[in-house]
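Engineer: The structure is given below, and queries will be raised subsequently.
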Amino acid sequence: MTRCGFPFDSKLWSSFVMENRKKKILSWALYDWANSTYSTTVMAGFFPVFFKMYWSQGVDATVSTARLGTAISISSLVIAFMSPTLGVVADLRGLKKLFCLSFMLIGVIACGWMTFIPLGDWWNAIMAYSIAMMAFNASCVFYESLMPFVAEPKEMDYVSSLGYALGYLGGGILFLINVLMHLFPEWFGLRDGVQAVQVSFMTVAVWWFVFSIPLARNVPEPAVPVSKDNIWKLTNRSILTLQATFKELMTKERNLLIFMIAYWMYIDGVYTVMTMAVDYGMSIGLGSKDLIAALLITQFIGFPCAYYFGTVTKRFGAKLPVLVCIGIYSVTVVAAMWMSQAWHFYLLAVIIGMVQGGVQSLSRSLFGKMAPKHQSGEYFGLFNLVGRFASILGPLIVAFTVTITGNSRVGMVGLLLLFIVGGGLLMKVKEPQEHG
């Protein structure tokens, strides 16, 4: 057999196609490695503390907390409502990859900006953080919408888990370096801990940009019929498309609708555990070094465990492992009542690290297999919308439980309701059969 006048070796061609697909998958997954440094070093690590102690120096703690909380809420709401519309536009114009990389660049510039914001300039600090947060979340919408074009349905669990695993590892490695920079600035030729934190923001910007290059080079923009409409017509079409999609979810896509409600319930519980864990650690007397150590434990335990969850789905599917993760979370929030020592908190960090990546990555891949491929931008925009509205019920349930019982230790037990309802609904979801 020949192709273009040359002998054609089918085995060689199959090998080339396979290697090309592996390169695309790894290049796609490396974006998790790239952007997770923002969520670890900036969001969870240094920004909240640095904002309070450096950029809001001399300001009452309640005022700085209110400023930060307001900024996070506004950023979350803006991206929540923008995501589905931008997703439709990306679908109609074939701009998924372009949107992902454009928002990546905005986030990179915002992180770099944080390096140069002087003492007491809380306004510019909160602006940089808000822009970076919106860009981070928006880029993730389009990054995730590329997954159905990179991986076959049977590969999605593995590919999604690979992304989360690399995210945990990459985020953990840079955060460890940044922590060492802060604790031992002289090792890195830095003046003090303050300069170390400032430089850390720049390292996130550089890391995020550099490791996004493989996606830019090796993952093609999906080939879709491109609309010629201008931006105003596209916006109108996107609104009409979203209305039709919601109607479709209520009628034809009931299975997907049940999954999205289930996901909203249990991921709300997951995010609440993530956001309340540090507060709980402080309440039992842990210092900042203990909390940083626990965060690093979660990152490095999360790396192999997230990857492992992507491999077991070949035997058990994605739904059963997610249900197992929800069950472990349920036991954990009950056991948290008896935590009293530092090693208890470290044990919690290990357990959370074991299941956190699994529940996130397999939920993403399960959704990716269920959502229509040609509308992946729109549907992942809705997926992001659900994610942004998570952590609303959970904290309210914790606050209500504490108020009723008068005991802060029982607050986390209230989350059991979210895990039971979410898990019960997930059991009703029909997992799609994998083909190809």
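Engineer: From (1) without any contact (Cβ under 8 Å) to a residue 60 or more places away in the chain; (2) part of a helix (DSSP H, G or I), pick out the condition that doesn't hold for Ala336.
Structural biologist: (1)
Engineer: Which of the numbered conditions does Phe367 fail, given that it passes all the others? Conditions: (1) at pLDDT 75 or above; (2) farther than 21 Å from Phe99 by Cβ; (3) out of contact with any Pro (no Cβ under 6 Å at 6 or more places or on another chain).
Structural biologist: Condition not satisfied by Phe367: (2).
Engineer: May I ask you to list pairs of residues, at least six apart or on different chains, whose Cβ atoms are under 8 Å apart, with the first in region 117-132 being in contact (Cβ under 8 Å) with a residue 40 or more places away in the chain and the second being open to solvent by 20 Å² or more (accessible area, probe 1.4 Å) and in a loop (DSSP other than H, G, I, E, B)?
Structural biologist: Final answer for the pair search is Leu119/Gln57; Gly120/Gln57; Gly120/Gly58; Trp122/Val59.
Engineer: On to the next question. Could you pull out the residue among Ser139, Ser161, Ser145 that is under 15 Å from Lys22 (Cα atoms), surrounded by 22 or more Cβ atoms within 10 Å (Cβ to Cβ) and at pLDDT below 95?
Structural biologist: Being under 15 Å from Lys22 (Cα atoms), surrounded by 22 or more Cβ atoms within 10 Å (Cβ to Cβ) and at pLDDT below 95 holds for just one of Ser139, Ser161, Ser145, which is Ser161.
Engineer: Follow-up. Which ones in region 288-302 are at pLDDT 85 or above and either open to solvent by 30 Å² or more (accessible area, probe 1.4 Å) or polar (S, T, N, Q) (or both)?
Structural biologist: Ile297, Thr298, Gln299, Phe300, Ile301
Engineer: Enumerate the helices (runs of 4 or more DSSP H) found wholly within region 146-216, keeping only those where 1 or more residues are without any contact (Cβ under 8 Å) to a residue 40 or more places away in the chain.
Structural biologist: 156-183, 193-210
Engineer: Determine whether Ser39 is of a type in the set (S, T, N, Q), buried (at least 17 other Cβ atoms within 10 Å of the Cβ), modelled with pLDDT under 75 and in contact with a Phe, Trp or Tyr (Cβ under 9 Å, 6 or more places away or on another chain).
Structural biologist: When the stated conditions are applied, Ser39 does not pass them.
Engineer: Filter region 1-36 down to the residues that are open to solvent by 20 Å² or more (accessible area, probe 1.4 Å) and among the acidic types (Asp, Glu), then identify the one that is modelled with the highest pLDDT.
Structural biologist: Glu19
Engineer: Determine, yes or no, whether Gly45 is crowded, with 17+ Cβ neighbours inside 10 Å and touching a residue at least 40 places away in the same chain (Cβ under 8 Å).
Structural biologist: yes
Engineer: Taking the stated definitions as given, is Glu221 modelled with pLDDT of 70 or more and part of a helix (DSSP H, G or I)?
Structural biologist: Taking the combined requirement at face value, the residue does not satisfy it.
Engineer: Let me ask something else. For residues in region 42-83 being within 14 Å of the chain's Cα centre (by Cα) and at pLDDT 80 or above, which is nearest to Gly193 (Cα to Cα)?
Structural biologist: Val42
Engineer: Among residues belonging to region 332-350 that are under 11 Å from Ala294 (Cβ atoms) and open to solvent by less than 20 Å² (accessible area, probe 1.4 Å), point out the one that is modelled with the lowest pLDDT.
Structural biologist: Phe345
Engineer: Let me ask something additional. Please identify the pairs in which a residue from region 97-116 that is within 11 Å of Tyr38 (Cβ to Cβ) has its Cβ atom under 9 Å from the Cβ atom of a residue that is of a type in the set (S, T, N, Q) and not in a helix (DSSP H, G or I), counting only partners at least 6 apart or on another chain.
Structural biologist: Matching pairs, first to second residue: Met104/Ser212; Val108/Ser212.
Engineer: Scan region 174-188 for residues that are open to solvent by less than 60 Å² (accessible area, probe 1.4 Å) and among the β-branched types (Val, Ile, Thr) and jot them down.
Structural biologist: Val179
Engineer: Taking the residues in region 310-326 that are farther than 24 Å from Leu415 by Cβ and open to solvent by 50 Å² or more (accessible area, probe 1.4 Å) as candidates, determine which candidate is nearest to the chain's Cα centre (by Cα).
Structural biologist: Thr311
Engineer: Now a separate question. Only one of Tyr307, Tyr329 is assigned to a helix (DSSP H, G or I) and open to solvent by 40 Å² or more (accessible area, probe 1.4 Å). Can you tell me which?
Structural biologist: Only one candidate passes the filter, namely Tyr307.
Engineer: Moving on to the next point. What are the residues in region 339-352 that are in contact (Cβ under 8 Å) with a residue 40 or more places away in the chain and closer than 22 Å to Phe303 by Cβ, if any?
Structural biologist: Phe345, Tyr346, Leu348, Ala349, Val350, Ile352 - these are the residues of region 339-352 that are in contact (Cβ under 8 Å) with a residue 40 or more places away in the chain and closer than 22 Å to Phe303 by Cβ.
The values are calculated or read from the model by the stated rules, or taken from the named source; none is laboratory data. All values reported here derive from a predicted model rather than from experimental measurement. Note that we place each Cβ from the backbone using ideal geometry, even for glycine, and neighbour counts take in every protein chain shown. Keep in mind that these areas ignore ligands, DNA and RNA; they rest on the heavy atoms of the full protein, side chains included. Shrake-Rupley method; radii C 1.70, N 1.55, O 1.52, S 1.80 Å.
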